[in-house]
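Worksheet: one structure, shown below.
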Amino acid sequence: MNKITYTPRVITAAVILILGFIIAAVPKNTTTPFKLTPNQILNELKNGNQYLEPDMIAQMIVEKNPSLQLIDVRPQSEFEKFSLPGAINIPIDNILSPEYTDILHQDVMTNVFYANGTTHANEAWMLVRQLGYLNNYVLRGGLNYWAETIMNPQHPANTSPDDELARYDFRMGASQALGGGALTTSAPADAPSASLPKPKPQGKKKKVAGGCS
Amino acid sequence: MNPYLAGVLLGLVVLASNVISGRGLGASGAVKSAIVAGVETIAPGHAESAPFYKKFGDSHNGNPLNNWLVYEMLGVIVGGFVSGAMSRRLTWRVEHSPKITSKRRLAFALAGGILFGIGSQFGRGCTSGSALSGMAVLSLGGFISMAAIFGTAFAFAYFFRKNWI
Amino acid sequence: MGPLVVNEIISENTNLLLAFFIGIGFGFVLEQAGFSSSRKLAGMFYGYDTVVLKVFFTGAITAMLGLLFFSLFGWVDLNLVYVNETYLTSAILGGVIMGVGFIAGGFCPGTSFCGAAIGKLDAWMFIGGLFIGVFIFAEGFPLWEDLYMANFMGYPRISEFFGLTEGITALFVILAAVAMFWVGEWAEKKFPREEY
């Protein structure tokens with residue numbers, strides 16, 4: 001038998017192995033239940049946590065943000081007539097079908113439900129939220145509001161605050177980039193371009209910055 | 001310092017960074033900030049039109065140099081200097097194998113730097129930002145970067161052996 | 001509780017100040033470990049000095065275990081800690097380019113700043129190269145944007161990828177590291193070099 005010598009390597013290896021076995025053996029700290037109670041969902045609904053603003057979605061579409069997944073919950077016939085760029089169709093009747101579980105229950109993509117109004121999209125959201133799935137959202141106002149704000153934005157009064165004008169510029173740019181809408185620009189004549197100013201950050205939760213970028 | 005002890009201390013720095021700021025360490029990101037700041041100063045028109053700078057501007061607000069990674073890298077320079085001073089290692093010199101000239105060493109250092117600069121942008125972080133910090137949070141990308149960096153370096157070690165041994 | 005800045009326990013500006021102190025710690029440890037010497041760093045790839053392997057893996061494992069235990073005690077919310085995004089194609093491509101850069105230049109970005117701080121002129125050259133490299137990437141960005149964005153996989157943890165718990169994944173990483181430490185010290189005996 002060799003005598004064990006207590007070199008730094010042996011000590012380090014022993015310590016990290018012991019800690020490794022401990023951490024492998026203890027269950028993960030999961031204080032949040034997998035399924036939500038109706039009260040919790042009601043609370044989220046009241047706070048409107050599930051809504052994402054059309055401006056933000058338009059920005060993501062224009063940027064071709066790879067994490068955006070639009071989900072059209074209207075019947076297939078309506079989906080075929082018109083849909084947002086890159087959207088997939090999951091009619092609300094089929095939302096619980098197992099073939100869509102992989103799409104709805106994941107943590108890579110930001111899923112955004114939409115229909116003409118918000119009722120069906122909200123129903124879809126409540127169903128999947130009740131199952132504890134994360135990263136599912138609802139397009140605020142649905143397609144009707146989308147058409148009003150993004151595709152045919154109304155020019156705000158000239159006395160409006162600057163950020164309202166900026167938002168209008170952004171929407172004009174977005175609607176042109178998405179191939180729709182009118183062809184007027186906000187500033188008279190000398191407007192240089194319809195570039196896309198960044199919309200104000202949305203959402204209450206702070207996003208974690210990080211990485212080497 | 002014993003390497004394992006140094007490793008534990010390094011781990012505590014990464015841990016502190018995650019607990020305080022919710023992120024790992026980085027180095028190449030600071031170079032990127034400096035480049036963006038430089039281009040914005042020298043050629044503002046170009047910085048507005050070229051997609052790379054626009055993308056950076058979209059995801060960062062204000063002065064590109066007012067950035068977590070930039071402050072952290074300033075700290076690295078101070079920390080390295082203090083450590084070097086304490087261990088009496090402060091000298092201007094080119095470190096190289098006795099078999100090669102200083103000039104050759106400097107040329108290879110420059111080439112290596114260029115490659116690392118390009119690679120760190122593709123990899124979205126360098127050895128510290130992507131591999132070390134990524135592994136600490138068990139990020140899949142961190143493990144891929146680590147394996148790719150060290151694997152390639154091992155694979156190419158033979159061709160560069162004259163420079164080192 | 002943690003991460004402090006995300007939970008708004010400290011302000012954004014305090015965060016930047018603390019970044020400076022975290023950097024000092026980072027630079028100090030790197031220099032003390034000998035990472036300001038390119039020949040020590042390159043030694044790993046020829047087996048004569050595996051200090052990089054030891055420091056790198058001990059560091060990653062310490063931080064990993066620290067985060068898992070902190071999360072267990074409820075001191076830090078791992079869901080709020082940044083997990084690097086994974087774009088498979090560019091992660092591999094970038095890693096390969098960096099690997100060649102590493103063996104040619106003998107530094108990585110972090111250690112080159114450390115070497116530069118104590119007066120290594122080769123480290124200064126390497127930093128100059130870094131700036132040129134990032135500039136090349138920035139200017140040519142439209143050429144490789146598609147490659148850069150290809151195969152987005154989200155922000156996966158390796159534990160989720162293999163369907164294991166985080167603790168068991170950590171144990172596997174530790175076992176691999178312990179094996180590598182053993183091989184490293186064996187290699188140092190097998191391929192010794194005189195003092196350099």
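The values are calculated or read from the model by the stated rules, or taken from the named source; none is laboratory data. All figures in this text were calculated on a predicted structure; none of them were measured in a lab. Don't worry about glycine lacking a Cβ; one is built from the backbone with ideal geometry, like all the others, and counts go over all protein chains shown. To get the accessible areas, we keep the full protein, side chains included, count just its heavy atoms, and leave off ligands, DNA and RNA. Shrake-Rupley method; radii C 1.70, N 1.55, O 1.52, S 1.80 Å.
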Test: residue in the range B:103-125 that is open to solvent by less than 50 Å² (accessible area, probe 1.4 Å), free of Cβ contacts under 8 Å to residues at least 12 places away in the same chain and assigned to a loop (DSSP other than H, G, I, E, B): no
Breaking point among (1) of a type outside the set (S, T, N, Q); (2) out of contact with any helix residue (DSSP H, G or I) (no Cβ under 7 Å at 6 or more places or on another chain); (3) open to solvent by less than 70 Å² (accessible area, probe 1.4 Å), for B:Arg88: (3)
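Would you please name the residue that is modelled with the lowest pLDDT, looking only at residues in the range B:126-165 that are aliphatic (A, V, I, L, M) and not in a helix (DSSP H, G or I)?
The qualifying residue modelled with the lowest pLDDT is B:Ile165.
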Those helices (runs of 4 or more DSSP H) lying entirely in the range B:12-79 with at least 2 residues touching a Cys at 6+ places or on another chain (Cβ under 9 Å): B:28-42
Cβ-Cβ under 6 Å pairs, at least 6 apart or on other chains, the range A:95-106 side surrounded by 15 or more Cβ atoms within 10 Å (Cβ to Cβ), far side among the aromatic types (Phe, Trp, Tyr): A:Leu104/A:Tyr133; A:His105/A:Tyr133
Any helices (runs of 4 or more DSSP H) falling wholly within the range C:1-89 and containing at least 1 residues that are closer than 21 Å to C:Thr165 by Cβ: C:51-72
Within the range C:146-182, tally of residues that are surrounded by 14 or more Cβ atoms within 10 Å (Cβ to Cβ) and part of a helix (DSSP H, G or I): 20
Subset of the range A:66-86 [in contact (Cβ under 8 Å) with a residue 24 or more places away in the chain and either closer than 17 Å to A:Ala174 by Cα or in a strand (DSSP E or B) (or both)]: A:Leu68, A:Gln69, A:Leu70, A:Ile71, A:Asp72, A:Leu84, A:Pro85, A:Gly86
